[in-house]
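Reviewing the structure listed below.
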Amino acid sequence: MTRNHQLMAAGLHLGYAEREIVTDLNLTVPAGKLTVIVGANACGKSTLLRGLARLLQPSRGAVYLDGKPIHQMPTREVATLLGVLPQSPIAPEAITVADLVGRGRYPHQGWFRRWTSEDDAAVAQALSATDMAAFADRPVDELSGGQRQRVWIAMALAQQTDLLLLDEPTTFLDINHQVEVLDLLTDLVKTGGRTVVVVLHDLNLACRYADHIVAMKSGTIIAEGQPNEIITEAVVHDVFHLTAHILRDPVSNTPLIIPVGRHHVAKVTAR
Amino acid sequence: MTILSLETIAIVRRQRLSHARRVTFGLLSALLLACTAAMLLGDFPVPALDVVQSLFSPLTGSANRSVDFIVLQVRLPRLCLALLSGAAFGLSGIIFQTLLRNPLASPDIIGIAHGASAAAVFCIIILGWSGLSVSLGAFAGAMLTALAIYLLAWRNGVTAYRVVLIGIATAAMLSAVISYLFTRARLFEVQQAMAWLVGSLNAARPEDSIVLATMLVLVLPLLLALVRGLDGLELGDDTAYALGTRVEITRLGLMLVGVALAAFATAAVGPVGFVAFVSGPIARRLMGGAGRGVPQAALVGALVMLASDLAAQHALASVQLPTGVVTGGFGAAFLIWLLIASGRSGRVN
């Protein structure tokens, strides 16, 4: 099974109305890897993700999926190859978990292909993977923020696409659920051979889980590559305007960022 | 981690399907009951058997001409018009409410009914029209108002919130236009315009139902082609795109269908208030999340319209109320309940 779909941006400019947010950006998403986009607030990381997911029309440049400009491909066809979890999806009132996750099957259905056992299997698998199986017939309204987030991830999983783009999927989650979600995404990459792109806030988790990390600042990529190679004190300072020490994560042997603020600094460490 | 089996999820889905079927069956039964009542009740008592005989008289030949007249020319056209217009209002309401993700977004709240009303009042008072030409004017008014709201709300695409706000503002503005037109009118014209504005089935003729039914049949294929798009659109634009929905074209098409349905129904019976507004939420509540409830909203709309018309005719022995007065009272109570209920759950939509 060859699943290596190629997603790349070339000379990409993205913005809303007059304001340009992403400028002249080039990126090739490594196939079969977990790519994490990091950066300070308003650096354009979510905008880039929306552009890659064809949710935002570029003002210049283009995004290519398997060599074809993604904005010119039929959106239904894209939806069978590339799944997206946007930042703030809306759950309709009273909808049940199974029903919402089932909506992920939309691109696989049509007038002549209605609901089949294959769809049931995809929903069951997505609910099991996100540990939401026990909640299948519960209304989404009644769930906690973290459970709701996992339902949305399950919906994107039910879409069964080889490429998966998620905008801050760990927001609202407790630390244990954050780790669970990232483990789940890693499973998809390692055993499912999928390509996953995630926007994350937590730099340490990003360093631990990313095969490929993309650091952004004011709409451009400052550095990209393996976390061990590119996440240095200089890059962190450049991207976040933050003085930090970088240690080895004792668990994963990846960079562990220790921020240095103005207070609670026991040992003065001048840079 | 619990592993969910294929069978479990199939059972969950089948339970929801059978619930949806029960709701549909219940609504159909209630409708049948209301239809029977509508055919049997009236100032001129007709035995049930004679009503049935009259219904078949076009085939079997007439037994009693005056009974035939009452059954076929008075009660049946009124019943059919109530069912058709109610269903159209119900569909229009749930399309807008789902599309704009807001129970307040029904065409009788966001100004489309007001557009029809203002145009009709203009036709009656300024142009001195009556009858079918007023209906055509009302239809044009509804379509034009919807277009204006859509264009005013457009800013690199249409957001639900802007449509609702601009719609409510438009409704207020058009109400002012109606009030202004009244100040310039003679008493007789005001009476005629008021009768139209309240909305009534008193003047139902067989032709009205035929025209409305034809229009509905023309619109339904478009609705059927687009209705699946609602599943994506109600999750937000980004999610809809992500799932492969062609967002702008689907939304525009569905809005067109919703406006056309509201405009046809309003042209036929006047802006009977709140039927479009209450049908969707009632249908959804009955369904309890077991589907999007579009056909059920049509049934609820027909039922609300017919039951209100029955109440309007028979609740007070001495007077016949216009149907719109009953739906208005019912709808206002429902609106208050909805606001209280959504306030309690802390949810605006």
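What the phi angles of region B:53-67 give under the Karplus curve with 6.51, -1.76 and 1.60, with θ = phi - 60°, is a coupling list of 4, 5, 4, 9, 4, x, 8, 9, x, 7, 9, 8, 5, 6, 5 Hz, glycine and proline written as x.
Dividing the summed helix terms, -39500 (n - 2.57) for each DSSP H run of n ≥ 4, by the number of residues in the protein assembly as shown produces a 222 nm estimate of -17500 deg cm²/dmol to the nearest 500. The order of A:254, A:170, going from fewest to most other C-beta atoms within 10 Å of their C-beta, is A:254, A:170.
Just to be sure I understand: with springs between alpha-carbon atoms less than 10 Å apart, which residue in A:123, A:235, A:189 has the highest mean-square fluctuation in the Gaussian network model of chain A? Per the Cα network of chain A with a 10 Å cutoff, A:235 tops the list.
The spacing between region A:218-238 and region B:135-181, judged by their C-alpha centroids, is 51 Å.
For chain B, averaging the sequence separation of C-alpha pairs within contact (under 8 Å, six or more residues apart) and dividing by the residue count gives a relative contact order of 29 percent. Karplus-derived 3J(HN,Hα) values for region B:38-44, using 6.51 cos²θ - 1.76 cosθ + 1.60 with θ = phi - 60°, are 5, 7, 8, 7, x, 5, 9 Hz; glycine and proline are entered as x. Taking the charge dipole of chain B about its Cα centre, with +1 at Lys and Arg Cβ atoms and -1 at Asp and Glu Cβ atoms, the residue from B:120, B:337, B:57 reaching farthest to the positive side is B:337.
With K and R counted +1 and D and E -1, the other residues having a Cβ less than 13 Å from that of residue A:173 yield a net charge of -4. Couplings for region A:140-149, taken from phi via the Karplus curve 6.51 cos²θ - 1.76 cosθ + 1.60 with θ = phi - 60°, read 4, 3, 8, 8, 6, x, x, 5, 4, 4 Hz in order; Gly and Pro are left as x.
Taking only the alpha carbons of region B:22-345, we obtain Rg and Dmax values of 20.0, 65 Å in that order. Under a GNM of chain A (C-alpha, springs under 10 Å), which listed residue has the highest mean-square fluctuation: A:256, A:157, A:242? Sorting by GNM fluctuation, first place goes to A:242.
Ellipsoid fit via the Cα gyration tensor, chain A: semi-axes of 32, 23, 17 Å, each the root of five times an eigenvalue, largest first.
Each part gets one Cα centre, and for region B:3-55 versus region A:52-76 those centres are 48 Å apart. Its alpha carbons give the protein assembly as shown an Rg and a Dmax of 29.4, 108 Å.
Volume of the convex hull of region B:192-349 (Cα atoms only), normalised per residue: 135 Å³. Annotation: amide H of residue A:198 within the under-5 Å range of A:35, A:36, A:37, A:166, sequence separation 5 or more or interchain, hydrogens built in the peptide plane.
Read the figures in this text as sums done on the coordinates, not as results from a lab. Note that the coordinates shown come from a computational prediction; the quantities given were computed from them, not determined experimentally. Note that each Cβ is placed from the backbone with ideal geometry, even for glycine, and that neighbours are counted across all protein chains shown.
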